[in-house]
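Let me begin by presenting the structure, written as C-alpha cells, before commenting on it.
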Amino acid sequence: MSVRVEKDNIITIHYTIKDENTEIVDSSLDEEPLEYLHGHDFMLPGLEKALEGLQKGASVALWLSPEEGFGDRREDYIMELDRSDFEQDMELEAGMEFEVEDEDGEGIITVIKIDGERIVVDRNHPLSGKRLYAEAEVLDIKKAEDWEIQGWKHHSH
C-alpha cells in the first residue's frame, strides 16, 4: 500500500507561489525542498487541502482564494505605534518589513507611514487579501512519530 499525504505525515515538497500577475512571490525550486507536518496548519490551507491524498511524485496546481492563502486583509491589523516602541537608533522608513512573534504567532509587520513620533504599521501578511496560484510536487512522505509531531507543534506554535 502506498503512503499518501495525510494528517500526521511529514511531507516534503517543492513549491512555487505566484501572484495574480503570475509573478513568482515564493518558491523552493532554487533552495532546499520544504518539509512540513501535514494537517496541523503549517501550510497554506488551500494548498494543504489540495495535497491531501496524493502520493509521492504527484503534482498539483491551483488558484487559491485569499481565505485559502494568507487570509483576508484585516483592518484591525493596521495600527499606530509610538516611535519609542522601536529601538532608538533604528532608522525607519515606509515599506520596511520586520518579522515579529506575538500572541497571534509569527508574522510580518510593514511600516506604512511615519508621522513624527507616530508610526503606522500593518500586521497583515503582504500577500493577504490576494488570489494566488500555487504549484507543488510531492517529493517524499513519511509517517511522523509521536515525538516528531510534538516537536513540530512545540517548534512552531
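Quick check on the chain: helices-only [θ] at 222 nm, where DSSP H runs of length 4 and up contribute -39,500 (n - 2.57) each and the sum goes over total residues. Nearest 500, please.
That comes out to -3000 deg cm²/dmol.
Name the most mobile residue of 136, 61, 94, meaning the one with the largest mean-square fluctuation, in a Gaussian network model of the chain with Cα contacts below 10 Å.
Highest fluctuation among the options: 94.
Determine the relative contact order of the chain: mean sequence separation of Cα pairs under 8 Å and six or more apart, normalised by residue count, in whole percent.
34 percent
With +1 on the Cβ of every Lys and Arg and -1 on the Cβ of every Asp and Glu, and nothing else charged, how large is the dipole of region 75-122 about its Cα centre, in debye rounded to the nearest 20?
Here the size comes out at about 300 debye.
Name the long-range amide H neighbours of residue 25: under 5 Å, sequence gap of 5 or more, or other chain; modelled H, no Pro or chain starts.
Those lying under 5 Å, H to H, from residue 25 are 17, 18, 19.
Remind me, relative contact order of region 1-67 in percent, using alpha carbon pairs under 8 angstrom and six or more residues apart?
36 percent
Of 90, 79, 43, which has the largest mean-square fluctuation in a 10 Å C-alpha GNM of the chain?
Among 90, 79, 43, the largest GNM mean-square fluctuation belongs to 90.
Using a 10 angstrom cutoff on alpha carbons, build the Gaussian network for the chain and name the most mobile of 19, 76, 89.
Judging by the Gaussian network model, the answer is 89.
Once the piece of chain linking residue 143 and residue 99 is laid out straight, how much longer is it, given 0.36 nm per residue of separation minus the C-alpha distance between them?
12.7 nm
Under 11 Å from the Cβ of residue 39, count the other residues' Cβ atoms, weight Lys and Arg +1, Asp and Glu -1, and hand me the total.
-3
Any chance you could run the full-extension gain for residue 114 through residue 40? It's 0.36 nm times the residue separation minus the Cα-Cα distance, nm to one decimal.
Details: separation 74, 0.36 × 74 = 26.64 nm, distance 3.76 nm.
Contour length minus the Cα-Cα distance gives 22.9 nm.
Give, rounded to the nearest 20 debye, the magnitude of the charge dipole that the chain has about its Cα centre when Lys and Arg contribute +1 at Cβ and Asp and Glu contribute -1 at Cβ. Spell out each step's value before the answer.
Values: 16 positive and 41 negative charges, 189 e Å.
The calculation lands at about 900 debye.
Please turn the phi angles of region 34-49 into ³J(HN,Hα) values with the Karplus equation 6.51 cos²θ - 1.76 cosθ + 1.60 (θ = phi - 60°), one per residue in order, whole Hz, x for glycine and proline.
For region 34-49, the Karplus curve yields 8, 10, 8, 8, 6, x, 10, 6, 9, 10, 3, x, x, 6, 4, 5 Hz.
How many angstrom lie between the C-alpha centres of region 63-113 and region 1-44?
Here the two parts' Cα centres lie 24 Å apart.
Values quoted throughout were computed directly from the atomic coordinates according to the rules given, and no laboratory measurement underlies them. Bear in mind that the values here come from a model prediction, so they are computed numbers and not experimental data. Virtual Cβ from ideal backbone geometry, glycine too; neighbours counted across all protein chains shown.
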